[in-house]
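Report on one structure; see the data block that follows.
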Amino acid sequence: MICFLTSSPVIPGTNDLNPSNGFTDELKRVIPSGARALFICSDPDGHVLTDRFAVEVERSFREAGFAFEAFQILDGRNASEAAALVGKADVIILAGGHVPTQNRFFNAIGLRALMAGFNGVVIGISAGSMNSADVVYARPEREGEARDRTLPRFLRGLGLTKLMLLPHFDPSSDEMLDGLPVTDGIVRPDSMGRVFYAIPDGSYLLIENGRTALRGAVWRIRDGVIEQIADVGGVTLIDE
């Protein structure tokens, strides 16, 4: 299995695949022509959004020169076929969206076990990348979640990596949620005794042949301390 865990596969504000940090070149190296792709949703009941997102993602890859033989969707409409769909896929794309909602769907269809023997290419997008971890940091995202301490913030994921990723990171700004600054008021406290790796759009985690490398700019958040450990163009090897 080869994993590309991204914030977003496209250039911000466009539908073009992002070539930063060798992303498209690496994809072209490992995805064969005529590959069969499976797009796994973030919300099993959000069919309209899932269909629209899948079309956009397929178009982005096609316009970048990837010719998929098939591009199928896995969501609540065909969840009973999950094992067969995963078994036929060469490329699995894990959609972005709400982390806990996607996590519940992954667990409901037993995706962790289904992917244990997968030998193709995995591409994670935002929530999909976060849910690829063994232990997932489900950072509060929606109004009310930051103040609700009954909501678990650490969930069982797919186990493709031990790294907990925070996508779409922007060190120059700190959005607010429930009256709290997300980075300083939520993420820093949650990092006590843990390590998060925050990546902006254009950076990604590449796992191949037992080697784990963060490509591009990366910030490490550990015990409440944020430190930039790599810049654009960097390759940061991580010991898992």
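The values are calculated or read from the model by the stated rules, or taken from the named source; none is laboratory data. Since we're looking at a predicted model, the values are computed, not measured. For neighbour counting, all protein chains shown are included, and Cβ atoms are generated from backbone atoms with ideal geometry for every residue, glycine included. Side chains included, ligands, DNA and RNA excluded: accessible areas come from the protein's heavy atoms. Shrake-Rupley method; radii C 1.70, N 1.55, O 1.52, S 1.80 Å.
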Among helices (runs of 4 or more DSSP H) entirely within the stretch 94-178, at least 2 residues that are polar (S, T, N, Q) and open to solvent by less than 40 Å² (accessible area, probe 1.4 Å) occur in 99-108
The stretch 53-68, residues that are modelled with pLDDT of 95 or more, aliphatic (A, V, I, L, M) and over 17 Å from the mean Cα position of the chain (by Cα)
55, 64
Going through the stretch 192-218 in order, the residues found to be open to solvent by 30 Å² or more (accessible area, probe 1.4 Å) and not in a strand (DSSP E or B) are 192, 193, 194, 201, 209, 210
Residue 48 - would you say it is modelled with pLDDT of 95 or more, of a type in the set (Val, Ile, Thr) and surrounded by fewer than 14 Cβ atoms within 10 Å (Cβ to Cβ)?
yes
Note on the stretch 128-186: residues free of Cβ contacts under 8 Å to residues at least 12 places away in the same chain and polar (S, T, N, Q) are 150, 172, 173
Within the stretch 11-26, which residues are in contact with a helix residue (DSSP H, G or I) (Cβ under 9 Å, 6 or more places away or on another chain), buried (at least 18 other Cβ atoms within 10 Å of the Cβ) and more than 13 Å from residue 62 (Cβ to Cβ)?
18
Using the structure shown, decide if residue 215 is out of contact with any helix residue (DSSP H, G or I) (no Cβ under 6 Å at 6 or more places or on another chain) and modelled with pLDDT of 95 or more.
no
Any idea which of (1) surrounded by fewer than 18 Cβ atoms within 10 Å (Cβ to Cβ); (2) of a type outside the set (D, E, K, R); (3) at pLDDT 95 or above is the one residue 7 doesn't satisfy?
(1)
